[in-house]
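**Student:** One structure coming up, written as structure tokens, with questions to follow.
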Amino acid sequence: MVRKAIFSGKFYPEKEEDLIKFIKQHTNGNAEYSEGYFKRLGLILPHAGYIFSGKTAIKAVEKARNIGKPKTIVIFGTNHTGYGEGICSVWDHGYWETPLGEIEIDEDFASRLVDNSNLFKVDYTAHFYEHSIEVLLPILKYFFGDFRMVPVVYNFQSLENSIQIIEKLMSIYVEKVLFVASSDLNHFENDKVTREKDLLLIKQILNRDIEGIFEIVKLHNISACGIGPISILVGMFEKIQLIEHTTSAEATGDYSYTVGYASFLLR
């Protein structure tokens, strides 16, 4: 089964040369990337249009590339569409298209997630019109080249579900894997409020407080869309580094109506 790049030309450049040009504009031109594989690494990345959040995602992925590269990327997106079945919808075979080439599904890893689990179900409907995974793939493809992936849309996000998902993932011992959580932060408030709310959430992330993440979001009405994916990665790694925090105001100049973006590297 093939997942077409339906947001190409909308959230990010459609042409390969334009895409590469954009990414290079926000990279360290003198970087020396490691040719080895890392054992396990995590990234939390934003998924808006590249003019808004692309540089924030690029900076974190390049940091990871300095460490090494993965053979498999497991990427957790959020659900903006309302489509999908089960707690998590897994795309389990075939490949996804990007302007930089196809990315093959790691069918073995996908089957291990779905096997005997009520957390993960094979379901394509959650993926067809969802942008939170697709938007990150060209950046990951540019830096990491050939890898396989497992796309997962986290449909029903809760503390209890996240704890079970973490336990499931930690029980599957694998190396040379990058785990990615896709999420933007606070939405559609003025820049001052968005930054204040974002910092409350960022503090809980850096403290590795999964329960605190869900509590602070509810207490302060923080409209981050991927709290579930974020919480999964926070629970899987011991060291978390904030790479960049920004808002859409830096791109648009509109400080009255903003979205927050942050990227993190986890080890």
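**Student:** Does segment 29-45 contain at least one residue that is touching a residue at least 24 places away in the same chain (Cβ under 8 Å), touching an Asp or Glu at 6+ places or on another chain (Cβ under 7 Å), buried (at least 18 other Cβ atoms within 10 Å of the Cβ) and not small (Gly, Ala, Ser)?
**Tutor:** No: segment 29-45 contains no residue that is touching a residue at least 24 places away in the same chain (Cβ under 8 Å), touching an Asp or Glu at 6+ places or on another chain (Cβ under 7 Å), buried (at least 18 other Cβ atoms within 10 Å of the Cβ) and not small (Gly, Ala, Ser).
**Student:** Something else about it: Just to be sure before I move on: is LYS21 charged (D, E, K, R) and within 18 Å of the chain's Cα centre (by Cα) in the structure I sent?
**Tutor:** Numbers: charged (D, E, K, R): yes; within 18 Å of the chain's Cα centre (by Cα): no.
Answer is no for this residue.
**Student:** Answer with yes or no whether ILE222 is closer than 25 Å to GLY54 by Cα, crowded, with 18+ Cβ neighbours inside 10 Å and in contact with a Phe, Trp or Tyr (Cβ under 6 Å, 6 or more places away or on another chain).
**Tutor:** On the way: closer than 25 Å to GLY54 by Cα: yes; crowded, with 18+ Cβ neighbours inside 10 Å: yes; in contact with a Phe, Trp or Tyr (Cβ under 6 Å, 6 or more places away or on another chain): no.
In short, no.
**Student:** Need the failing condition index for VAL174 against (1) modelled with pLDDT of 95 or more; (2) over 18 Å from GLU211 (Cα atoms); (3) hydrophobic (A, V, I, L, M, F, W, C), just the number.
**Tutor:** (1)
**Student:** The conditions are (1) of a type in the set (A, V, I, L, M); (2) touching a residue at least 60 places away in the same chain (Cβ under 8 Å); (3) farther than 19 Å from TYR37 by Cβ; (4) crowded, with 18+ Cβ neighbours inside 10 Å, and LEU113 fails exactly one of them. Which is it?
**Tutor:** The number of the failed condition is (2).
**Student:** Tell me, yes or no, whether segment 37-55 has at least one residue that is assigned to a loop (DSSP other than H, G, I, E, B), over 21 Å from ILE103 (Cβ atoms) and not hydrophobic (A, V, I, L, M, F, W, C).
**Tutor:** yes
**Student:** Next up: Quick check: anything in segment 130-153 more than 19 Å from the chain's Cα centre (by Cα), buried (at least 19 other Cβ atoms within 10 Å of the Cβ) and not in a loop (DSSP other than H, G, I, E, B)? Before the answer, list the steps.
**Tutor:** Our first condition is that a residue be more than 19 Å from the chain's Cα centre (by Cα); within segment 130-153, this holds for none.
The answer is no; no qualifying residue exists.
**Student:** Evaluate the following for GLU17: is it acidic (Asp, Glu), out of contact with any Phe, Trp or Tyr (no Cβ under 8 Å at 6 or more places or on another chain) and either within 15 Å of ILE139 (Cβ to Cβ) or not in a loop (DSSP other than H, G, I, E, B) (or both)? Step through it out loud before you land on a result.
**Tutor:** Details: acidic (Asp, Glu): yes; out of contact with any Phe, Trp or Tyr (no Cβ under 8 Å at 6 or more places or on another chain): yes; either within 15 Å of ILE139 (Cβ to Cβ) or not in a loop (DSSP other than H, G, I, E, B) (or both): yes.
In short, yes.
**Student:** Here is a further query. Here are some residues: ILE172, ILE222. Which one is in contact with a helix residue (DSSP H, G or I) (Cβ under 6 Å, 6 or more places away or on another chain) and farther than 30 Å from ASP108 by Cβ? Before the answer, list the steps.
**Tutor:** Details: ILE172 fails: farther than 30 Å from ASP108 by Cβ.
The unique qualifying residue is ILE222.
**Student:** Quickly run through segment 163-199 and pick out the residues that are acidic (Asp, Glu) and within 20 Å of the chain's Cα centre (by Cα).
**Tutor:** Looking only at segment 163-199, we keep the residues that are acidic (Asp, Glu), and these are 167, 175, 184, 189, 191, 196, 198.
Within segment 163-199, GLU167, GLU175, ASP184, ASP198 qualify.
**Student:** Which of the residues that make up segment 87-116 are part of a loop (DSSP other than H, G, I, E, B) and polar (S, T, N, Q)?
**Tutor:** First pass over segment 87-116, keeping only residues part of a loop (DSSP other than H, G, I, E, B): 87, 91-94, 97-102, 106, 115-116.
THR98, ASN116, listed by residue number.
**Student:** So which residues in segment 9-28 are surrounded by fewer than 19 Cβ atoms within 10 Å (Cβ to Cβ) and of a type in the set (Ser, Thr, Tyr)?
**Tutor:** Across segment 9-28, the qualifying residue is only THR27.
**Student:** Sticking with this one: When the residues of segment 61-86 are narrowed to those that are part of a loop (DSSP other than H, G, I, E, B) and touching a strand residue (DSSP E or B) at 6+ places or on another chain (Cβ under 7 Å), which ends up surrounded by the fewest Cβ atoms within 10 Å (Cβ to Cβ)?
**Tutor:** Our first condition is that a residue be part of a loop (DSSP other than H, G, I, E, B); within segment 61-86, this holds for 68, 70-71, 78-86.
In the following step, the residues that additionally are touching a strand residue (DSSP E or B) at 6+ places or on another chain (Cβ under 7 Å) were identified as 68, 70-71, 78-79, 84-86.
On the way: GLY68: 17, PRO70: 24, LYS71: 16, THR78: 25, ASN79: 21, GLY84: 21, GLU85: 13, GLY86: 18.
If we take residues in segment 61-86 being part of a loop (DSSP other than H, G, I, E, B) and touching a strand residue (DSSP E or B) at 6+ places or on another chain (Cβ under 7 Å), then GLU85 is surrounded by the fewest Cβ atoms within 10 Å (Cβ to Cβ).
**Student:** Is it true that LYS121 is part of a strand (DSSP E or B) and among the basic types (Lys, Arg)? Let's see the steps before the verdict.
**Tutor:** Numbers: part of a strand (DSSP E or B): yes; among the basic types (Lys, Arg): yes.
Spelling it out, LYS121 is indeed part of a strand (DSSP E or B) and among the basic types (Lys, Arg).
**Student:** Take residues that are within 23 Å of SER117 (Cβ to Cβ) and polar (S, T, N, Q) and tell me which of the helices (runs of 4 or more DSSP H) falling wholly in segment 157-267 contain 3 or more. Give the derivation first.
**Tutor:** Numbers: elements: 159-171, 191-206, 210-220, 227-236, 249-252.
Fully inside segment 157-267 and qualifying: 159-171.
**Student:** Give the residues of segment 109-124 that are touching a Lys or Arg at 6+ places or on another chain (Cβ under 9 Å) and closer than 27 Å to TYR142 by Cα, sorted by residue number.
**Tutor:** PHE109, LEU113, TYR124
**Student:** May I ask you to list the residues in segment 172-201 that are crowded, with 21+ Cβ neighbours inside 10 Å, farther than 24 Å from PHE38 by Cβ and touching a Phe, Trp or Tyr at 6+ places or on another chain (Cβ under 9 Å)?
**Tutor:** Result: ASP184, LEU185, THR194, ASP198.
The values are calculated or read from the model by the stated rules, or taken from the named source; none is laboratory data. The shown structure was predicted, so the numbers you read here are calculated from the model rather than taken from an experiment. Counting neighbours? That spans all protein chains shown, and the Cβs are built from the backbone with ideal geometry, glycine included.
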